[in-house]
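One structure is given below, encoded as structure tokens.
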Amino acid sequence: MKKTAVEWLEKEFIKIESTVGVYGVMYELIERAKEMEKEQTLEFIRNTVRKILDEDRQAPFNLEQYYNETYGK
């Protein structure tokens, strides 16, 4: 499974948590950032698929499923 930039940042926060303390709000921000990153990724894929496919054809795969399989839930 690939690691996103936000997931990398989350792991870095966890590494330093014991020495400097990362408060609960940081985890909330990380989760929000992951959701934003997911939406941006899906929007990019949607736009790319629209350009490739005819207007009448549907995408050959479910974008949400593709994202979850590639990056996890």
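The values are calculated or read from the model by the stated rules, or taken from the named source; none is laboratory data. Since we're looking at a predicted model, the values are computed, not measured. Cβ: placed from backbone, ideal geometry, glycine included. Neighbour counts: every protein chain shown.
Contact map, region 47-73: first residue of a type in the set (Gly, Ala, Ser), second residue surrounded by 10 or more Cβ atoms within 10 Å (Cβ to Cβ) and modelled with pLDDT under 75, Cβ cut-off under 8 Å, separation 6 or more or different chains; pairs are Ala59/Leu53.
Output yes when any residue across region 46-59 is at pLDDT 85 or above and surrounded by 10 or more Cβ atoms within 10 Å (Cβ to Cβ), and no when none is. So far as region 46-59 goes, no, none of its residues is at pLDDT 85 or above and surrounded by 10 or more Cβ atoms within 10 Å (Cβ to Cβ).
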